[in-house]
Amino acid sequence: MSREIIVLGAGMVGVSIAWHLARRGHSVVLVDRREPGRETSFGNAGIIQREAVKPYPFPRDLGTLARVLPNRAVDIRYRLGGVMRAAGPLLHYWQHSSPRRYDSIVPEYASLISLALDTHAPMIEAAGAEALVRKEGWLEVYRTVEGLDAERREAEEAAARFRVNHRLLDADALHALEPHLTGGLAGAIHWLDSWTVADPGALVQAYATSMEAAGGRLMRAEVSDISRAGQGWRVTTDQGALEAGELVLAMGPWSGDWLSRQGIAVPLFVKRGYHMHYAAKGEARLGNWIMDAEVGYLLAPMRAGIRLTTGAELARREAPPHHGQLAAAERVARRFFPLGERLDPEPWKGARPCTPDMKPVIGPVPDRQGLWLAFGHGHQGFTLGPATGRLLAEMIDGEPTAIDMAPFRVDRF
């Protein structure tokens, strides 16, 4: 039976949900203040990460903590105001990162990741977006033999437990593949299953266009209120009011704000990130997406230039940008690969919505009939959007889901 459904948030997650619902014949309106894929989904590394079967835990070893505390690292930086404001969720994040708890989280998280390629593929085909996507994997590069060997063991475990394919590259094989990298590198893990995207925002936009072709509607508007309306929901915007029996909240790092207005508290916090595009010097060419793993940034040959993306910054979501982390990454990257001039007027800044147990929130809200949630995907919203769309559509239609959804319920908190 066709239903009227409002989806709030036009990032990768919200667009994917609307796409699946529209393809099932529901009357769907997708609402966002900006064009699809222009917020968090715009600024990522552009990898559909089938290999990312383990979420990022809070560092607990003394060596990492000692390195991070001076606040000069490339991979992790923090602002005291942001840390204090998110002290409760961060404490729980640290607790969930204990070996015992983390080991129980990994298979649950991996069950989502396992759906990534199978759910992106039909959307790519329907959107005619094949030109944006490469299916050649990406490189995780190591400077030391010790680091490479440790990651090799992790890769072998991922292969055995979660059917993730890789190949080990020694220094010579890495040089043959990427001759313009410098710095006496030990080698790399070539993750073979993952796909890369030359313009992440354009892929989200293509999915949104495909959603409209399936009968869904896109509305660019600023939401000012969400309230109950009889047995359904009313969304008030600067372009008028909408009413529907079902409402999906997929607003990424802003989701917690709107839930709090419904009297629902979710321990959401953000990890901010930055990117900048560069030209290459002279005849230098970057052929693959490459992470400088022991430093903590990534270079990606995208349409707009070579995108450098930073690691995580723990700060308030709306705090002014702090470009020191990007500058530090750029200094290292220029010795790693011959980057040329900056191509963007200003660095891009975004915020990844995170939960303390590293798992997204996907599913209904108990005691709020017709209210559905899909947010908190951390570093993997771009990878997991289509899987989330499929699973939530199955739940809304009362069908068996592809995986067990109990670990992702909002009432687990």
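Thinking of the stretch 311-361 as a set of Cα atoms, what percent of all their pairs are more than 16 Å apart?
56 percent
Which value at 222 nm does the chain reach when only helices count, each DSSP H run of 4 or more adding -39,500 (n - 2.57), with the total divided by all residues and rounded to the nearest 500 deg cm²/dmol? Could you put the intermediate results ahead of the total?
Numbers: 12 runs with 137 residues, N = 413.
Only helices count here, giving -10000 deg cm²/dmol.
Measure of size requested: the Rg and Dmax of the stretch 102-212, with Cα atoms as the atom set and Å as the unit; please supply both.
Rg, Dmax (Cα atoms, Å): 16.8, 50.
Given an 8 Å cut-off on Cα distances and at least 6 residues of separation, report the relative contact order of the chain as a percent.
Reported as a whole number, the value is 27 percent.
Add +1 for every Lys or Arg and -1 for every Asp or Glu among the other residues with Cβ under 13 Å from the Cβ of N44, and state the total.
Net local charge, N44 excluded: +4.
Where the Cα atoms of the stretch 301-413 are projected onto their three principal axes, how long is each span, largest first, in whole Å?
Its Cα atoms span 53, 29, 22 Å along the three principal axes.
Can you pull the Kirkwood radius for the chain, inverse mean 1/r over Cα pairs, to one decimal in Å? Present the calculation step by step, with values, prior to reporting the outcome.
On the way: mean 1/r = 0.0459 Å⁻¹.
So the Kirkwood estimate lands at 21.8 Å.
Out of all DSSP beta bridges in the chain, what portion is antiparallel? Express it as a percent rounded to 5.
So the antiparallel bridges in the chain amount to around 70 percent.
Please report the base-10 log of the normalised intensity I(q)/I(0) for the stretch 32-166, using a Debye sum with one equal scatterer per alpha carbon and no solvent, at each q in 0.11 (1/Å).
-0.60
Would you be so kind as to identify which of M395, A150, W254 lies farthest towards the positive end of the dipole of the chain, taking Lys and Arg as +1 and Asp and Glu as -1 on Cβ and the Cα centre as origin?
Result: W254.
Post the alpha-carbon centroid distance, the stretch 1-42 to the stretch 299-366, in whole angstrom.
A separation of 25 Å, based on Cα centres.
Just add up the charged neighbours of I6: K/R +1, D/E -1, any other residue whose Cβ is under 15 Å from the Cβ of I6.
Value of the local net charge: +1.
Taking N as the number of residues in the stretch 31-92, what is its Cα Rg relative to 2.2 N^0.38 Å?
Cα-based Rg divided by the globular estimate yields 1.49.
Give me, ordered by chain and number, the residues 5 or more places off R217 or on other chains with an amide H under 5 Å from its own placed amide H.
When sequence neighbours closer than 5 places are left aside, the close amide H contacts are V28, V29, L30.
For a quick check, take a GNM of the chain with Cα springs below 10 Å and name the residue from G296, G256, G240 with the largest mean-square fluctuation.
Comparing G296, G256, G240 in a Gaussian network model of the chain, the most mobile one is G240.
Mind scanning K271/K359; K135/K271; K135/K359 and naming the pairs with a C-alpha gap bigger than 20 Å?
Among K271/K359; K135/K271; K135/K359, the Cα-Cα distance tops 20 Å for K135/K271; K135/K359.
Which net charge results when you count Lys and Arg as +1 and Asp and Glu as -1 among the other residues whose beta-carbon is under 15 Å from that of L65? Don't jump to the answer; show the numbers that get you there.
Details: positive: R60, R67, R72, R77; negative: D61, D75.
Counting the neighbours of L65, the net charge comes to +2.
Taking the chain as a Gaussian network, where each spring joins two C-alpha atoms under 10 Å apart, which residue of V145, V29, V74 fluctuates the most?
Result: V145 has the largest fluctuation of those listed.
Quick note: the coordinates plus some simple rules give every number you see, no bench work behind them. Nothing here was measured: the structure is a model prediction, and the numbers come from that model. FYI the Cβ positions are ideal-geometry reconstructions off the backbone, even for glycines, and counts take in every protein chain you see.
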